Structure formats: C-alpha cells, structure tokens
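The values are calculated or read from the model by the stated rules, or taken from the named source; none is laboratory data. Quick caveat, the model's predicted, so the values are computed rather than measured. Neighbour counts run over all protein chains shown; Cβ positions are idealised from the backbone, glycine included. For the accessible areas, the whole protein counts, side chains as well, though only heavy atoms, and no ligand, DNA or RNA atoms are used. Shrake-Rupley method; radii C 1.70, N 1.55, O 1.52, S 1.80 Å.
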Amino acid sequence: MKDLLRETKEKYFEIVENRKTGGKFRQILVCGGTACLFNDAEDIFQTFKDLCKDMKNVSVLSPGCFGLCEEGPFAIIYPEGTAYGHLTVDKVKRIMKEQIIEGKIPLDICYNVQNGKLVEMKEMPFFKKQRRIVLQNCGLIDPLKIEEYVAKDGYFALEKCLKTLSPQQIIDIVKESGLRGRGGGGFPTGKKWEMTAKSISDEKYVCCNADEGDPGAFMDRSILESDPQSVIEAMIIAGFAIGSHKGYIYVRAEYAHAIEVLKKALVQARKFGVLGENILGSGFNFDIDLSFGAGLFVCGEETALMRSIEGKRGEPRPRPPYPAEKGLFDKPTLLNNVETYSNVPQIILKGSEWFSNIGTETSKGTKVFSLTGKIKNTGLVEVPMGMTIKEMIFDIGGGILDDKKFKAVQMGGPSGGCLPASKQEVKIDYDNLVKNGSMMGSGGMIVMDENACMVDIAKFFMEFMVSESCGKCVPCRIGTKRILETLEKITKGKAEENDLEKLKELCFQVKQNSLCGLGQTAPNPVLSTIENFGEEYVAHIRDKKCPAGVCVDLKTYEIDKEKCVGCGLCAKNCPTQAISGEIKKPFVIDQEKCIKCGLCAKSCHFGAVKKN
Ligand SMILES: Cc1cc2nc3c(=O)[nH]c(=O)nc-3n(C[C@H](O)[C@H](O)[C@H](O)COP(=O)(O)O)c2cc1C
C-alpha cells in the first residue's frame, strides 16, 4: 500500500509552513471563528478575494480562529506579518491599495505595532505568554482540508498506534502523561481509558462531549471549528485502545458552524481512509456519528448526555454504575471532552514525558480558556498550567476595560466560584483553584470590574441554574429556587439578618443531597461570594444598600443642599412628582415616591443629585 500519509505531508508541508511566513506566496488569512463570522468576516473574506482575483501568487484563506475575538473581524497578512482588527470593507480596500499594491504598510490601522514599529504577532502581549498545543493548528490550517492537518503530522499518531503500539501501551502513554479531563472534573484520562478497556462487552462506545453549556465558554466550539480532525483522530485512537468500533460526538445544535465543519471533516476522514473500515490498512474499523443536543446545560452531564444520544429525555441517573461499565445503550462507554481528546495525538507522537514536563505537579499540560467579561482582550487563549490569574488577566487579557479596578473573576462556569482580586496571584491548576474556593471547570473565565455587585452576580448564576435544573431530584429542583428567592429578597432590601445563615444552610443541603453535579455545584457561586464578599451581603441585608449601586431597589437618589441652585429642572423631569421645593432653594426627593429611574441625576446641570 502506498504511503498516503507521508506523500500527503510532503505535498502540503510547504503550503502550511509558508502560511506562517508567506514564503513565495502572499497569504491573506481571515479569521473564521464564530465571533468574527458574526461580525461579517464573510464579507471581509469575499472583499479580499474579489480584490485579489487577478493577482498571481496570492492566497486568501479562512484558517479557523486566531483567538483574538475582541478585534474581530481579524486578518493577518504574510510575508509582512501585519495584522488588522475591526476590519470593514473600506479598511480592506485601503490595506489592498497601500500594503499589497504600493508596498506601504498602513501602520495607523495595523494591530501589531508597538512604539510606531511593526512587531511579530507572537511578541504581542496577547500571544507572548501563551503556549499552544491544542490550538496549534487554529488560525494556521484550513479546517476543511484534511491534507493540511496531515501536513502538521495529523494522523501520524493514529498510524503509530495501529502499527506499533498495543492498546495497553497506548493507555500507559496517556496515563503517564498525566492528562486530566478538561470537561470540568479533572478525572485522570488514562485511568478512565483503562477502566473502559477492562470492561468486557461485545460492544463499547467512544463519546465526545461537545455540549459546552457554561455561559461565556467557547473553547470546545473553537477547537471543533478550527481543528476538527484532531478530535476525530483522538477518538479513533481511543476506540482502538478500549476495543470500540463506534463513536458519537454530542454537540449542541446551536453550534451551527462547528456542526458544518464537523460534517465535512468526517466525510473527508472517511474518504482519506482514516475513518470507517480497515483504517490505514490495519484491519481496524471505527466510525463516528454526530448527535445534536437541544442546548440544555444538564445534557453536558455524562449520564444525561448518553440518555439524550439514545433519544430519551436528557436526565442524569445515579452513579455507579459509571459509564465505563454501563454507559450508552447500557454498554461500556468512554466519554471525554473535546479539549481532552485534542491533546491525545500530540501526546502519542511526542511522548508522555514531553507532556508531563509542561504544567504543575498535579496538573499537566496546558489549558484553553475563554476570557470574557470586563477585559480588554476578550478571546480564546491557551496557557501552561501554573500561570497566575494576574498574568492571564493583565498580561494576556490586557487588563480591565476602561482601566477600572479588577474586582473578581468567576472561574469554572456556573458551578465554579468567584475569586476576589486579592487572590490574583493564585496559580491556575485543578487542585490550587479548588483550595482557593473555585474550580477549573471547562475553562470559562468571566472577569468583573469594580462596578459589579457580587450578590447580583450570584443571583445571575442561580437564575441560570434554576432554569437549567432538569427537575428530576427535589433538592436541586426546589432548593435552587429557594436559594434564588432568598437572593432576590436580599437584592430587594427585604432580607433579615438571619437570612444569610439560612442561605448558607440551604446551599449546603442542595450541595449534599442533589443527584448530579448540577445541583451539587449550583450553590458554589453563592457560597464563594459570601466567603469572599461577605460585607456586600451584610450591606444589602443590614444597611439596605448595594455598595456597587447595581440593585435597583436599593438605590437612593438624594439632592445635595450645597450644590442645588433650586432651578427645579429635576422636579420637572421626575415622572412620579417625587421632587418638590421652591425656586432658588434646595429641592428634596420623597423616597416613598421615587422609582429610582435616575432622570433627576441625568437632568441636573450642577451635579447636585447623588446616587447612593
Ligand atoms: C451539569 C453538568 C454539565 C456538564 N457540562 C459539560 C460540558 O458541557 N462539557 C464537558 O466536556 N463536560 C461537562 N460536564 C462534565 C461531564 O459530566 C464529564 O465529566 C466530562 O465530559 C468528562 O470528560 P473529561 O474527563 O474529558 O473531562 C458537565 C457536568 C455537569 C454535572
């Protein structure tokens, strides 16, 4: 049999390598991630294409996501290595005229300029401290061309497994690498593979969890959109290692672009001979189907996910038995997250030691995060485990929007915890985050500034949990509702002092008695905000004040007697006639009638209306 992998690599290697430098060709790479597409990246791509159509040696391509969502639509042009953000059709025309035709780089609109000089993208703060393993091909290869994945050593790990390693040797490599599940729990991946391999059954399944239900998280979606073959390759390797011939990728239906890419990637993998029957001539058969989730958070939980694939209502069930013994269709099933799988081909190729040398004692490798919230550089980042929260937020994230003060960061999604600014030196790894009152989760990082009310934040996450609770178990169905009601009482100024103790007790009960991880972790944002921002709860309950001025019912407007000139404009604008007074004398607000709309403060020319 001819050596398809090596021949393909040889043919496409230069094309992909040139993409980083330009080589003989001019490369115009337009980010194709969902965030950029949402901001009309397709128009930008088409404009570049139209304007380049008569030019020789120019390639316009959409190579997945670069990660810098904040700047979208975003493009990089080689060989100069210029990057441009917030692209519009007019900007594209200017870039084409000045950089491409006249050879003069328009530095004033160029992203990677420091002190008036063009710098390499890898030297820009957003990229400098990143280490890309999982995202190595994102923004580089065409996700719709399997040949380009092969040019970056794609499917060589599968070949190594099929031709030179036994299933147990593969499992040992994954175990020794120290890889832990990236879907939230951090369970050792190799151990899970071994448990599933040891289960005896005529049929087993390999599942990929691409449900990604955490608000603000988009790591898995971006990996699937930009490098789908890495996940497919890992699932085939997993199938060979545990003795399975069938895989499912469970992806939420709202990930329309990721689904389109995955469908095409699966067709290509079958045509290329790495998926289906007799893979790479080895005699091993494995195929993958897609299964679409309706977008329920609980369907990311492993037992609920499997029921959903089976076509049943997505509800969790008690464990044991664990999926490794009894999973999909009651058969032993291996379930891993998208990012977990995406690490595997490189671990097989480069060795467990290479991987375990990256990261910390208990958390090996890198972690992909989606940085969102009040941060300058919203985006997708990959860093070695052990990086501090401060480095993530200030060095990579560029600091807080409008240079406000950093107040807190919510890590681990709605099941995680809010860490205060005083914990910004905490190093990111599974155990360290738990020790400090949060968790890694799947990698969502929501940054908050000084204007955030932490009680309101806890209420936001609890609202999410109440609507996402599947209702199967009482502690979660009723308990989360009661927690939310208490938080509403607090933010309305109707709580009493003993409500805080009652709230904590309720949280512990829900944590302890819920059936699945949803209820067991739902109270975390409440408990972590009580722990780290207890004084804000006290201010709401005892003083009936919201220190951040967010909770509408606790806001008060007052007129400063010294500043008020008695013009009466505030009274004229007040929709409830809550303001009264005599012209040229200080006016007063009747707190009973005031509806806290703030029109008085907005209309006053003398800054006399204070918001408390
Ligand atoms: C409520 C809930 C939602 C979850 N959502 C996801 C999810 O969206 N993606 C994911 O990979 N894991 C999710 N998990 C964790 C999975 O149950 C499972 O542990 C994980 O997919 C295993 O893969 P890993 O070992 O590679 O992390 C969720 C767990 C719970 C309790």
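Couple of notes before you dig in:
- Restricting L144, L135, L118 to residues that are in contact with a strand residue (DSSP E or B) (Cβ under 6 Å, 6 or more places away or on another chain) and within 30 Å of F25 (Cβ to Cβ) narrows the list to L135.
- K545 open to solvent by 80 Å² or more (accessible area, probe 1.4 Å), modelled with pLDDT under 95 and touching a Ser or Thr at 6+ places or on another chain (Cβ under 9 Å): yes
Matching residues to (1) closer than 15 Å to K492 by Cα; (2) outside the structural domain of I490 (by TED's automatic domain parsing); (3) touching a Gly at 6+ places or on another chain (Cβ under 9 Å):
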residue: I559; (1), (2), (3): no, yes, yes
residue: K563; (1), (2), (3): no, yes, yes
residue: G566; (1), (2), (3): no, yes, yes
residue: L569; (1), (2), (3): no, yes, no
residue: N573; (1), (2), (3): no, yes, no
residue: I579; (1), (2), (3): no, yes, yes
residue: K596; (1), (2), (3): yes, yes, no
residue: C600; (1), (2), (3): no, yes, no
residue: C604; (1), (2), (3): no, yes, no
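- Qualifying residue in the range 198-205 (condition: surrounded by fewer than 22 Cβ atoms within 10 Å (Cβ to Cβ), out of contact with any Phe, Trp or Tyr (no Cβ under 7 Å at 6 or more places or on another chain) and part of a helix (DSSP H, G or I)): yes
- Residue satisfying all of: in the range 208-226; in contact with a Gly (Cβ under 6 Å, 6 or more places away or on another chain) and near the ligand (Cβ under 7 Å from one of its atoms); least open to solvent (accessible area, probe 1.4 Å) among these: D211
- Wholly enclosed helices (runs of 4 or more DSSP H) of the range 137-185 bearing at least 3 residues more than 30 Å from G32 (Cα to Cα): 156-164, 167-177
- Selection count where residues are open to solvent by 40 Å² or more (accessible area, probe 1.4 Å), out of contact with any Gly (no Cβ under 7 Å at 6 or more places or on another chain) and assigned to a helix (DSSP H, G or I), scope the range 295-344: 2
- Check on I141, within 16 Å of the ligand (Cβ to nearest atom), of a type in the set (A, V, I, L, M) and open to solvent by less than 40 Å² (accessible area, probe 1.4 Å): no
- Residues in the range 39-75 that are in contact with a Gly (Cβ under 8 Å, 6 or more places away or on another chain) and not in a loop (DSSP other than H, G, I, E, B): A41, F45, C69, E70, E71.
- For L506: the one exception among (1) out of contact with any Lys or Arg (no Cβ under 7 Å at 6 or more places or on another chain); (2) free of Cβ contacts under 8 Å to residues at least 60 places away in the same chain: (1)
- Evaluation of K367 against (1) outside any helix (DSSP H, G or I); (2) among the charged types (D, E, K, R); (3) more than 20 Å from the chain's Cα centre (by Cα) (one fails), failing number: (3)
- As a summary of the residue check, E497 satisfies the conditions (1) at pLDDT 95 or above; (2) loosely packed, with under 14 Cβ neighbours inside 10 Å; (3) more than 16 Å from the ligand (Cβ to nearest atom) except for the one numbered (1).
- Among the residues of the range 346-357, the ones that are β-branched (V, I, T) and either over 22 Å from S222 (Cβ atoms) or not assigned by TED's automatic domain parsing to the domain that holds E233 (or both) come to 1 in all.
- Residue check for A241: within 12 Å of the ligand (Cβ to nearest atom) and of a type in the set (G, A, S): no
- Residue among E254, E260 that is within 16 Å of the ligand (Cβ to nearest atom), open to solvent by 30 Å² or more (accessible area, probe 1.4 Å) and either assigned by TED's automatic domain parsing to the domain that holds L165 or of a type in the set (D, E) (or both): E254
- K511, sole failed condition from (1) within 16 Å of the ligand (Cβ to nearest atom); (2) touching a residue at least 40 places away in the same chain (Cβ under 8 Å): (2)
- I589 being within 25 Å of K494 (Cα to Cα), in contact with a Ser or Thr (Cβ under 7 Å, 6 or more places away or on another chain) and aliphatic (A, V, I, L, M): no
- Restricting the range 173-207 to residues that are among the β-branched types (V, I, T) and under 11 Å from N336 (Cα atoms), the residue that is nearest to the ligand (Cβ to nearest atom): T189
- Consider the range 19-38 and keep the residues that are part of a strand (DSSP E or B) and closer than 15 Å to V92 by Cα. The one that is modelled with the lowest pLDDT is Q27.
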